[in-house]
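Take a look at the structure set out below.
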Amino acid sequence: MKKLKFELKRWNYDAFGDLEEAKRRSAMQIGTLDDIDEVRDISTQQALDRSKLLEELALVSNEQESLMY
């Protein structure tokens, strides 16, 4: 069973990449857009980008959580 779990984790990493890095990258980009929004209104495109990043972050978090169980 441990071998299967290890193989699944390795396959997931190969298929989807480093989930922690993806979460960190998305969170940083969201933070940057939030910082810009505090200084001035962000553009429509930036607002769309932020929404997409938030969805991506939620998806990656859910993928990572599903691997834990």
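The values are calculated or read from the model by the stated rules, or taken from the named source; none is laboratory data. Here the structure is a predicted model, which means the values were calculated and not measured. Virtual Cβ from ideal backbone geometry, glycine too; neighbours counted across all protein chains shown. The protein model used for the area step is the full one, side chains on, heavy atoms only, and it has no ligands, DNA or RNA in it. Shrake-Rupley method; radii C 1.70, N 1.55, O 1.52, S 1.80 Å.
Which of the residues spanning region 18-46 are open to solvent by less than 90 Å² (accessible area, probe 1.4 Å), within 28 Å of E65 (Cα to Cα) and among the acidic types (D, E)?
Listed by number, the residues that qualify are D18, E21, D34.
Conditions: (1) surrounded by 11 or more Cβ atoms within 10 Å (Cβ to Cβ); (2) not in a helix (DSSP H, G or I). S51 meets all but one. Number of the miss?
Going through the list (1) surrounded by 11 or more Cβ atoms within 10 Å (Cβ to Cβ); (2) not in a helix (DSSP H, G or I), S51 breaks only (2).
Please go through region 1-17 and pick out each residue that is open to solvent by 100 Å² or more (accessible area, probe 1.4 Å) and in contact (Cβ under 8 Å) with a residue 40 or more places away in the chain.
Hits for region 1-17 are K9, F16.
State all residues of region 57-69 that are of a type in the set (D, E) and open to solvent by 80 Å² or more (accessible area, probe 1.4 Å); if no residue qualifies, say none. Reasoning before the result, please.
Within region 57-69, the subset of a type in the set (D, E) is 63, 65.
Matches in region 57-69: E65 only.
Quick check on my filter: what residues within region 21-44 are part of a helix (DSSP H, G or I) and more than 15 Å from A58 (Cβ to Cβ)?
Hits for region 21-44 are E21, M28, G31, T32, L33, D34, D35, I36, D37, E38, V39, T44.
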